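Participant: Quick one: the structure is below, and I'll ask about it shortly.
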2 protein chains.
Amino acid sequence: MAKVGKQTWSFKNSPRILGSSAVGGPKEGEGPLRDDFDVLHDDPYVGQKNWEKAEEQLLKESIQMAVKKAGLQSDQIDMVIAGDLINQISISNFSARSLGIPFYGIFGACSTSMQGLALAAQLVDSGYAYYAVAATSSHNATAERQFRYPTEYGGQKPPTAHCTVTGAGAALVGKGTEGPMITFATIGKVIDMGIKSPWEMGSAMAPAAADTILAHFRDTGRTPDDYDLIITGDLARVGNPIARDLLEKEGCSVSEKFTDCGILIYNPDQPDVFSGGSGCACCAAVTYGHLMKRIRKGDLKRVLVVATGALLSPLTVQQGETIPCIAHAVSIEAGGETS
Amino acid sequence: MAKVGKQTWSFKNSPRILGSSAVGGPKEGEGPLRDDFDVLHDDPYVGQKNWEKAEEQLLKESIQMAVKKAGLQSDQIDMVIAGDLINQISISNFSARSLGIPFYGIFGACSTSMQGLALAAQLVDSGYAYYAVAATSSHNATAERQFRYPTEYGGQKPPTAHCTVTGAGAALVGKGTEGPMITFATIGKVIDMGIKSPWEMGSAMAPAAADTILAHFRDTGRTPDDYDLIITGDLARVGNPIARDLLEKEGCSVSEKFTDCGILIYNPDQPDVFSGGSGCACCAAVTYGHLMKRIRKGDLKRVLVVATGALLSPLTVQQGETIPCIAHAVSIEAGGETS
């Protein structure tokens, strides 16, 4: 059985990230990780006629770059697994239209990056794909106008709000002799602790992150000591400490190894970043840009990336519903030569 | 390798549908397949306070029934794979909240049923799950108000329109000694032949259906002769003949074996069914209710179910975009005892 415990897939055949890419927009280019992006766009329209076309462009660029960096051609890819925040994941669907590759559409809100990476690794590990791409995107302006107000309105936000990252990230997973290995993936449950405010997404998602991290350790027998870094997707400065507290309460001390992609991607003093970054591209770009670089350099040996998603919609908020959340975790390790 | 050809998964370990369920609403209860549903609701609100809660109820009921019919308990299920038409697949997310089972959210519009069944079979076949549930739902009133107008407006529609099925369907896949076997799944590409009108979804989706069916035969070496029935998801009376023509043009004669779930689910003379049924529940309920019954009775030995999805959104239509479409095919066969 390739499953360990209740909710973790164990990969025995060393699926690896053979190529990955991180694409960002103007605000990401002003952040501390600017040197870890493959491409940074100054123009938030990316030369397109509307925000959705811009985001589509970011996603396509990211997929094409991951394929290229792995030294492969599009027609060698067995499957693209992608999703995004926009209704009917239309950014991913429209991007896939031009690719001519079998397409598996997923939705996990901002947990999409690791949800897709988990499946790509699973397909490669089990021999159902030679090469699979996991990709996702978000765009500040497409998300703002769908979930809140068009940015042109200049609506005010509380400091617990997040800033949706403009960007995309993709990973090409396959068998190979080098590149970071994917060893485990823990698939989350939907957790809802009763938070209703869409301005409190970090707090809403923190219990889902803690639940998945605890499940990961329970299923694998690992402890925080086995990791150099445990990084959540977009809990940011409000939610990450809550997740830490929830873990400590369960006797799981993550100490200084615990951080969040939404904290890392912006400087706290950048204008309008609020509690930090969010959006599918937050975890994707930080993982496939910044973390891949550190793993490839040998700076990090083993990382647990825990992408977090708030599964709300404007309609469910208007209907007075609380916010169901989910988190999916993937263990990524520096890969030597395969034995 | 567990993959054959370019886009088909081949299952060697006999994943089976151990339990399945079909739930419907009032209009489905007036159709010719009424006796094949497990539950039919007279009340389109299903006793809930809004349409979305009603659809959530249908989906939950369907999942619980598939688990029960397989003689299992919820805590034995490794994963629920689900999606729906509503923005951010919120019906599935909210349903998963009460289940406490690891959740994998997918989006493929009306192709969701077979997209999910393919993955459930793949996970079981490769040993990453003992038991996985694939489920989906749609509701006429949730879809109408999101994609078109609230039903209360009484908007007029052309005869090429579809009627979104109110219902849900679920399949529990696992290894066992009896029950229909899943032998192949062909994952589709996104195909867009340039149709812009959201009233022409059957025509828009037909090329995607034909593309996936041709890929299935090419990858597996099978021909239409190997199937008793080849059934599309929701091309209905306009799209199904177009798909047939496209197949014939490629030398693939599907003759009298070729039909569509959207044609079967309603009588043509039922009021307001237009060209036939659509929605995620159309293919799901017909497959998991009607077809399962016929397979279990021995009436059908081998069926290719080709669920079709139109990947449009109201926004993409307003932006003047054409409609990208996809189709995923799963081969389901009458199962004797495993050898």
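Rule-based calculations on the coordinates, nothing more; no lab input. Keep in mind the model is a prediction, meaning the values are calculated, not measured. Please note: Cβ atoms are built from the backbone with ideal geometry, for glycine as well, and neighbour counts cover all protein chains shown.
Participant: Considering only A:Ser90, A:Ser278, A:Ser138, give the residue with the highest GNM mean-square fluctuation for chain A, with springs between Cα atoms whenever their separation is below 10 Å.
Facilitator: A:Ser90
Participant: Next up: Given the options A:Gln156, A:Gln76, A:Gln270, which has the most mean-square fluctuation in a GNM of chain A, springs set between C-alpha atoms less than 10 angstrom apart?
Facilitator: Taking springs between Cα atoms under 10 Å, the residue moving most is A:Gln156.
Participant: A further question follows. The range A:280-339 to the range B:280-339: how many Å between their Cα centroids?
Facilitator: 32
Participant: Quick one: 3J(HN,Hα) in Hz for the range A:189-194, Karplus 6.51/-1.76/1.60 with θ = phi - 60°, rounded, Gly and Pro as x.
Facilitator: 9, 7, 10, 9, 9, x
Participant: Okay, moving on. In whole Å, what three semi-axes, largest first, describe the equivalent ellipsoid of the range B:119-260 built from its Cα gyration tensor (square root of 5 times each eigenvalue)?
Facilitator: Three semi-axes, in Å: 29, 23, 13.
Participant: If you don't mind, another one. Roughly how crowded by other chains is peptide A:122-129, in terms of the mean Cβ count from those chains within 10 Å of each of its Cβ atoms?
Facilitator: 6
Participant: Pull up all non-local amide H partners of B:Tyr130: gap of 5 or more, or a different chain, and H-to-H distance under 5 Å with H placed in the peptide plane.
Facilitator: B:Asp78
Participant: I've got another one for you. Connecting C-alpha atoms closer than 10 Å in a GNM of chain A, tell me which of A:Ile263, A:Ile195, A:Ile231 has the biggest fluctuation.
Facilitator: A:Ile195
Participant: Next question, about the same structure. May I ask you to give the average projected area over all directions of the convex hull of the Cα atoms of chain A, in nm² rounded to one decimal?
Facilitator: It is 15.7 nm².
Participant: Once you have the Kirkwood Rh of the range B:210-314 from its Cα pairs, apply Stokes-Einstein at 25 °C and 0.890 mPa s and quote D in µm²/s.
Facilitator: The estimated diffusion coefficient comes to 172 µm²/s.
Participant: Ranking request for peptides B:142-155, A:161-174: highest mean number of other beta-carbon atoms within 10 Å first, then the rest in descending order.
Facilitator: Final packing ranking: A:161-174, B:142-155.
Participant: For the range B:2-175, give the share of DSSP beta bridges that are antiparallel, in percent and rounded to the nearest 5; count only bridges with both residues there.
Facilitator: Close to 60 percent.
Participant: For each of A:His328, A:His290, count neighbouring Cβ atoms within 10 Å of the residue's Cβ, then give the residues from fewest to most.
Facilitator: Fewest to most other Cβ atoms nearby, the residues stand as A:His290, A:His328.
Participant: Grab the beta carbon distance between A:Asn267 and A:Tyr153, set R0 = 30 Å, and tell me the FRET efficiency rounded to 0.05.
Facilitator: 0.70
Participant: OK, next. What number, rounded to the nearest 500 deg cm²/dmol, is the helix-based mean residue ellipticity at 222 nm of chain A, given -39500 (n - 2.57) per DSSP H run of at least four residues and division by all its residues?
Facilitator: Per the formula, -9500 deg cm²/dmol.
Participant: Note down the nm distance, to one decimal, between modelled labels 7 Å out along Cα→Cβ at B:Asn13 and at A:Val4.
Facilitator: Output for this residue pair reads 1.8 nm.
Participant: Mind jotting down the three principal axis lengths of the protein assembly as shown based on Cα atoms? Whole angstrom, largest first.
Facilitator: 65, 57, 46
Participant: Could you work out, residue by residue across A:90-101, how many beta carbons of other chains sit within 10 Å of that residue's beta carbon, and then give the average as an integer?
Facilitator: 6
Participant: Quick one: order B:Glu52, A:Glu30, A:Glu200, A:Glu56 by neighbouring beta-carbon count within 10 Å, fewest to most.
Facilitator: Listing B:Glu52, A:Glu30, A:Glu200, A:Glu56 from fewest to most nearby Cβ atoms yields A:Glu30, A:Glu200, B:Glu52, A:Glu56.
Participant: Further, regarding this structure: Would you order A:Asp84, A:Asp260, B:Asp38 from fewest to most other beta-carbon atoms within 10 Å of each residue's own beta-carbon?
Facilitator: The order, fewest Cβ neighbours first, is B:Asp38, A:Asp260, A:Asp84.
Participant: With the cut-off at 1.5 for a/c, could you classify the range B:1-114 from its C-alpha gyration tensor as rounded, prolate or oblate?
Facilitator: prolate
Participant: Could you give the distance between the Cα centres of the range B:111-147 and the range A:177-236, to the whole Å?
Facilitator: After rounding, the separation between the Cα centres reads 24 Å.
Participant: What's the average, rounded to a whole number, of partner chain beta-carbon atoms within 10 Å of each residue's beta-carbon in A:307-315?
Facilitator: 4
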